[in-house]
Amino acid sequence: MRNSVRVLQIAFTYIGTIVGAGFATGREILQFFTQYGHWATLTILLATGIFIWLGTKIMTISRRIGAKSFEDLNKFLFGEKAGVWISLFMFVILLGVNSIMLAGAGSVFVEHLNLSYQTGLFVTMIGTYFILRKGIQSIMTMNSLVVPMMLTLSLAIISQTIQTPGATRFLTLTTDHTLPSVWLAPLLYTSFNLVMAMPVLVPLGSQTKSARAVTWGGIIGGTGVGFMLMAAHFAMSAHMPGISQYEIPMGSIANQLGWLVQIIYLILIFLEIFSTFVANIYGITLQVQQRTSLSPRVITLGIMVFCYFFSQFGFSSLLSLLYPMFGGLCLLWVLRLTLFGTPEIRGK
């Protein structure tokens, strides 16, 4: 019984870490999948397989080598020196992404709750600080509450879409994009998201005693991500091409389900931003903790103050410069992970 609970906690944490704000709004799914028409169904299946395989592999290797942070995994995959430099680059990107996520949380408060931007930032940071006082267990508990809500909303959206005239359009939509770009999209999408999820997948695997729990958690988690991808693609395909003009395409679909679903969807957008922010702050804290004698709470506060400062100005120009390089690194990292053999089992 306890092992089954742990499996679900791992699966929900995996899903909650991958499913961020871009996923919730539908922009990422539209960009990497739906715009490619009927091919998207196949590329989503490919992405699902990659999430199951490599997400499980990250956690399995981390468990077997006893990795304390994503830097330990990078050193294992790329060697001592290269692993350190790759981790530092990831560290910079993660700080930038978290600053943008924090800004996104503030925007939710301004645009949908009629509260101040600063209120959104402080609520997010205070909530993050108190959740992280109990470490990885609190992250799993949070996702065990949030992710079932996400899955329920996905089912509601599927149920509503089936009743629309365009329900079968996901099978017939055409695209002007070339086949290489069609099949490169899921590789880019999974590579980026796996690297972004690594800061929490590594401790999630290394702090789980049961190898079976890690394996099944990865399988169920990867499958859950694939299901939510397919649900959103199915819904957006029924409203193409008009849906592509919206900044938050999934929000437009949720509006058709009534005021209650709109409120739930709004809450979920914030919670998805929040859960990803918490997970990333936790992973960054673990890496910094290996290099300093400061307590985890002090490190967490320092990182959040940094993110708060830069959320006032935005990281857009910096990230536009670093993102192309980071995208290439993500592909290289996933290729290395794919080709790397699993280390010897240290315990069952």
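The values are calculated or read from the model by the stated rules, or taken from the named source; none is laboratory data. In this text, all values refer to a predicted model and were calculated from it rather than measured experimentally. All Cβ positions, glycine included, derive from the backbone under ideal geometry; neighbour counts span all protein chains shown. Areas reflect the complete protein model, heavy atoms only, side chains present, ligands, DNA and RNA absent. Shrake-Rupley method; radii C 1.70, N 1.55, O 1.52, S 1.80 Å.
Structure notes:
- Condition check for L271: part of a helix (DSSP H, G or I), over 29 Å from G66 (Cα atoms), in contact with a His (Cβ under 6 Å, 6 or more places away or on another chain) and modelled with pLDDT of 75 or more: no
- Subset of the range 183-207 (residues that are open to solvent by less than 10 Å² (accessible area, probe 1.4 Å) and polar (S, T, N, Q)): T190, S191
- Being among the polar types (S, T, N, Q), more than 20 Å from M150 (Cβ to Cβ), open to solvent by less than 50 Å² (accessible area, probe 1.4 Å) and more than 17 Å from the chain's Cα centre (by Cα) holds for only one residue in S210, S237, and it is S210.
- In the range 280-297, the residue that is farthest from L201 (Cα to Cα) out of those that are open to solvent by 50 Å² or more (accessible area, probe 1.4 Å) and touching a Leu at 6+ places or on another chain (Cβ under 9 Å) is R297.
- From F32, F70, F12, residue being of a type in the set (F, W, Y), open to solvent by 10 Å² or more (accessible area, probe 1.4 Å) and at pLDDT below 90: F32
Yes or no, residue by residue, for (1) at pLDDT 85 or above; (2) more than 17 Å from S275 (Cβ to Cβ); (3) touching a His at 6+ places or on another chain (Cβ under 6 Å); (4) open to solvent by 10 Å² or more (accessible area, probe 1.4 Å):
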position: Q163; (1), (2), (3), (4): no, yes, no, yes
position: T175; (1), (2), (3), (4): no, yes, no, yes
position: S181; (1), (2), (3), (4): yes, yes, no, yes
position: T223; (1), (2), (3), (4): yes, yes, no, yes
position: A231; (1), (2), (3), (4): yes, yes, no, no
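- Looking across S154, S159, one residue alone is part of a helix (DSSP H, G or I) and either among the aliphatic types (A, V, I, L, M) or open to solvent by less than 20 Å² (accessible area, probe 1.4 Å) (or both). It is S154.
- Residue satisfying condition, being part of a helix (DSSP H, G or I), out of contact with any His (no Cβ under 6 Å at 6 or more places or on another chain), polar (S, T, N, Q) and modelled with pLDDT of 75 or more, within set T292, T285: T285
- Residues of the range 50-64 that are within 22 Å of C330 (Cα to Cα) and either open to solvent by less than 40 Å² (accessible area, probe 1.4 Å) or charged (D, E, K, R) (or both): I50, F51, L54, G55, T56, K57, I58, M59, T60, I61, S62, R63.
- So S99, is it closer than 20 Å to Y282 by Cβ and open to solvent by 20 Å² or more (accessible area, probe 1.4 Å): no
- Some residue of the range 245-261 being part of a helix (DSSP H, G or I) and in contact with a Gly (Cβ under 6 Å, 6 or more places away or on another chain): yes
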